[in-house]
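Down below is the structure, laid out as structure tokens.
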Amino acid sequence: MIQRILPEFPAQRRCPFHPPDEYAQAQREQPVCRIRLASGRDAVLVTRYDDVRAALEDERLSADETVPGYPFLYEGAFESPLKGTFMRMDGEPHLRVRRMLAKDFTVKRIEGLRTHLEAIVDDCLTAMAGRRPPLDLVQELAFPVPSRTICHLLGVPYRDRDVFERNTRAMINHRSTREEVQTAVAAVYGYLDSLVAAKQAAPDDDLISRLVQEELATGRVERHELVTIVLILLVGGHETTATMIGLGTFALLEHRARLDELLREQALWGRAIDELLRHQTIAQSPMQRVALSDLEIGGERIRAGEGVVLDLAIANRDPAAFPDPDRLDFHRNARGHLAFSYGPHQCLGQTLARLELEVVFRGLFARFPTLALAVPRDEVPVRPHNVGLFGVEALPVTW
């Protein structure tokens, strides 16, 4: 029988660089355990790397939140903006959209953005150098770089960034009301719907124009679905990477010996990016699934209709997969980490994210090798445990 051992889920971190202690205890003592979510629903929590990885590709576990038993995390959870989108679809409906987008996220296509991305980073760093520290690295670098990059890829005018940046903040803010989230989604949707119309009239060399010509004009996709797909790419394409830039910089500054090692051995940057993604997994909310039929996970029986939550951050700290997992080790081969999830729903933009992180971190510490926190570590504001992505709200730095 699956035991219940956690007093609350989600739990709060005691250190900004480590998942909650309770999750590590569960991984050691009862890696598949029953929990009570803040929504009041029961669910099964899975914490070991091998079990999480296997579950993420198991077709008997559904990502569809309309299936009875889906494990909503919070009480009074309202309809998700992702409901009915490919992010909450299984099987062929999900794969159809991924195939539609795959050519824009190949390694070759993304590598072709390197020169453009380097110019964006250089612009931001030059602007930083022209100002007197301290300044907030989140506002000066972490958000502008991925925002400008995804705008370039999609064909969204960067001058309109306030529309999606401000409203994305409202979408992920745990204090937002149902009406505020709906208003934010509607604002971004309306803006993108108008942009799609403009691309229909005058297509350009960008992802939205390609989708308009190849998918919308041929009837393979409806207009509403196309706009929703673009919304997901735009919001996800800047928010997640921006969060990782901020948190990753914080971690590097607090692990100065590891940073100095990187500055001496530039060939380590490739491995360092994956190790940072593993060690500082920003996914604070678990992957939510519901069992479509009876199955077994980690030797425990899961019944059809039971909710299952898969915690990526603690799975990435499993000592069976990554020895001495709490150590930030840039010599480690961490490529198999789960920071981008795994299986059919693995992050489509992971190649772009890796490139952005590499170019940003290389450029930042080459230009500012003496970069340091401008405040004590405990004064750096971090997001609370009930926000889906863990990160810093601001990162005051000096040099």
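Of all residues in region 115-133, those that are touching a residue at least 60 places away in the same chain (Cβ under 8 Å) have Cβ atoms under 9 Å from Cβ atoms of residues that are of a type in the set (A, V, I, L, M) and in a loop (DSSP other than H, G, I, E, B), 6 or more apart or on another chain, in PRO133/ALA374. Within the bounds of region 99-112, is there any residue that is among the hydrophobic types (A, V, I, L, M, F, W, C), in contact (Cβ under 8 Å) with a residue 24 or more places away in the chain and assigned to a loop (DSSP other than H, G, I, E, B)? For region 99-112, residues among the hydrophobic types (A, V, I, L, M, F, W, C), in contact (Cβ under 8 Å) with a residue 24 or more places away in the chain and assigned to a loop (DSSP other than H, G, I, E, B): absent. Only one entry in LEU101, LEU125, LEU117 is closer than 20 Å to PRO146 by Cβ, within 19 Å of the chain's Cα centre (by Cα) and modelled with pLDDT of 95 or more, namely LEU101.
For region 221-255, the set of residues classified as over 25 Å from the mean Cα position of the chain (by Cα) and without any contact (Cβ under 8 Å) to a residue 12 or more places away in the chain consists of GLU222 only. Residue-level check: of (1) modelled with pLDDT under 95; (2) buried (at least 17 other Cβ atoms within 10 Å of the Cβ); (3) closer than 30 Å to GLY363 by Cα; (4) not charged (D, E, K, R), VAL188 misses just (3). Pairs only if they're at least six apart or on different chains, beta carbon under 6 angstrom, first in region 50-61 and in contact (Cβ under 8 Å) with a residue 12 or more places away in the chain, second in a helix (DSSP H, G or I); list them, first residue then second. Here the result reads VAL52/ALA315; LEU56/GLY343; GLU57/GLY343; LEU61/ALA55, each pair linking region 50-61 to a residue that is in a helix (DSSP H, G or I).
Scanning region 383-397 for residues that are among the aliphatic types (A, V, I, L, M) and either free of Cβ contacts under 8 Å to residues at least 40 places away in the same chain or surrounded by 18 or more Cβ atoms within 10 Å (Cβ to Cβ) (or both) yields VAL387, VAL392, LEU395, VAL397. For region 1-27, give me each residue that is surrounded by fewer than 17 Cβ atoms within 10 Å (Cβ to Cβ), at pLDDT below 90 and hydrophobic (A, V, I, L, M, F, W, C). Matches in region 1-27: MET1, ILE5.
Tell me yes or no: at least one residue of region 60-67 is out of contact with any Phe, Trp or Tyr (no Cβ under 6 Å at 6 or more places or on another chain), within 28 Å of LEU247 (Cβ to Cβ) and either surrounded by fewer than 19 Cβ atoms within 10 Å (Cβ to Cβ) or modelled with pLDDT under 95 (or both). Yes, the conditions are met somewhere in region 60-67.
For region 197-250, a residue qualifies if it is within 23 Å of LEU357 (Cβ to Cβ) and among the β-branched types (Val, Ile, Thr), and the qualifying residues are ILE232, VAL235, THR240, THR241, THR243, ILE245, THR249. Condition test on GLU165, is it surrounded by 14 or more Cβ atoms within 10 Å (Cβ to Cβ), under 22 Å from the mean Cα position of the chain (by Cα), free of Cβ contacts under 8 Å to residues at least 24 places away in the same chain and part of a helix (DSSP H, G or I)? For GLU165, the condition - surrounded by 14 or more Cβ atoms within 10 Å (Cβ to Cβ), under 22 Å from the mean Cα position of the chain (by Cα), free of Cβ contacts under 8 Å to residues at least 24 places away in the same chain and part of a helix (DSSP H, G or I) - is not met.
Put simply, of VAL212, VAL185, VAL156 the only residue that is within 25 Å of MET244 (Cβ to Cβ) and either assigned to a helix (DSSP H, G or I) or free of Cβ contacts under 8 Å to residues at least 60 places away in the same chain (or both) is VAL185.
Scan region 189-204 for residues that are free of Cβ contacts under 8 Å to residues at least 12 places away in the same chain and of a type outside the set (Ser, Thr, Tyr) and report the count. Of the residues in that region, 6 qualify.
Filtered by the rule that a residue be surrounded by 22 or more Cβ atoms within 10 Å (Cβ to Cβ), outside any loop (DSSP other than H, G, I, E, B) and either in contact with a Phe, Trp or Tyr (Cβ under 9 Å, 6 or more places away or on another chain) or at pLDDT below 90 (or both), region 28-54 gives ILE35, LEU37, ALA43, LEU45, TYR49, VAL52. For region 244-266, filtering for residues that are crowded, with 21+ Cβ neighbours inside 10 Å and of a type in the set (S, T, N, Q) leaves 1.
Take the residues of region 298-328 that are on the phi < 0 side of the Ramachandran plot and more than 25 Å from the chain's Cα centre (by Cα): which is surrounded by the fewest Cβ atoms within 10 Å (Cβ to Cβ)?
Out of the qualifying residues, it is ARG303.
The values are calculated or read from the model by the stated rules, or taken from the named source; none is laboratory data. As the structure is a prediction and not an experimental result, all values here were calculated from the model. Glycine gets a Cβ as well: all are built from the backbone with ideal geometry, and neighbour counts include every protein chain shown.
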